[in-house]
Amino acid sequence: MKKVIFCLTIAAFLLSCNNSGEKTAATSTDTTTQNTQSTVDLPYKASYSSNFTQDVSDADLKLVMQSYRDWETGNMAGLGSVIGDSVDVDFFNGDHFKGTKTGLLKIWTTFRDSLSSVAIEMEGWHKMYEPAKKESFVVTWYKEIDTYKIGKVDSAWYHDINEIKNGKLTYYRQYKRPAK
């Protein structure tokens with residue numbers, strides 16, 4: 001009886017060893033390929049792109065993160081140093097700015113001067129690169145707490161899209177939800 005159980009155990013073991021390790025490696029490669037070229041029939045097609053990678057340099061990520069730190073600390077000169085000569089901004093309230101760095105900094109400096117402090121709690125970010133268009137973005141999610149010089153405190157959750165070209169911020173889109 002012991003010999004029968006032993007033989008069945010060996011047979012079961014041999015049947016379970018069917019080169020699954022090699023198939024797993026091939027499957028994981030195939031899955032990676034499938035993730036970028038989905039075969040799922042989706043109800044929408046992206047009008048801009050859905051073929052993003054994370055191939056954005058760490059230097060560009062640092063540039064974006066530093067721009068938030070410069071805003072938080074009131075370092076408008078530092079913030080200005082990372083903005084391109086011409087810039088497009090879509091503000092959370094629906095306003096749009098398309099113009100020079102100087103014009104944008106004038107708007108932002110006026111607003112920042114009305115605040116006694118800004119605190120940013122960065123929740124996360126994601127690097128996004130569109131290979132066909134050769135465009136780099138850093139998307140951020142954070143909470144900002146603004147204290148005005150008159151004593152009013154305003155806090156909100158933000159979601160921003162930052163586009164970087166040639167080491168400068170050239171496009172910025174912001175979405176806001178009050179934290180209250």
With r as the distance between the Cβ atoms of Asp41 and Lys98 and R0 = 45 Å, compute the FRET efficiency 1/(1 + (r/R0)^6) and round to 0.05. 0.75
If we sort 141-154, 73-86 on the protection proxy, mean other Cβ atoms within 10 Å, highest first, what's the order? 73-86, 141-154
For the peptides 129-135, 64-70, what is the packing order when you average, over each peptide's residues, the other Cβ atoms within 10 Å and list the highest mean first? 64-70, 129-135
Averaging sequence separations of C-alpha pairs under 8 Å and six or more residues apart, then dividing by the length of segment 58-178, give the relative contact order as a whole percent. 25
Computed from the beta carbon distance with a Förster radius of 22 Å, FRET efficiency for Ser116 and Gln54 to the nearest 0.05 stands at 0.05
Which residue, chosen from Val56, His126, Ser81, occupies the Cα position most advanced towards the positive end of the dipole of segment 40-177, where the dipole is computed from +1 (Lys, Arg) and -1 (Asp, Glu) charges on Cβ about the Cα centre? Ser81
Just to be sure I understand the model, the point goes 7 Å from the Cα along the line to the Cβ. What's the resulting Glu130 to Lys143 distance in nm? 3.2
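Coordinate-derived values only; no laboratory data. All values reported here derive from a predicted model rather than from experimental measurement. So basically every Cβ, Gly included, is an ideal-geometry build from the backbone, and we count neighbours across all protein chains shown.
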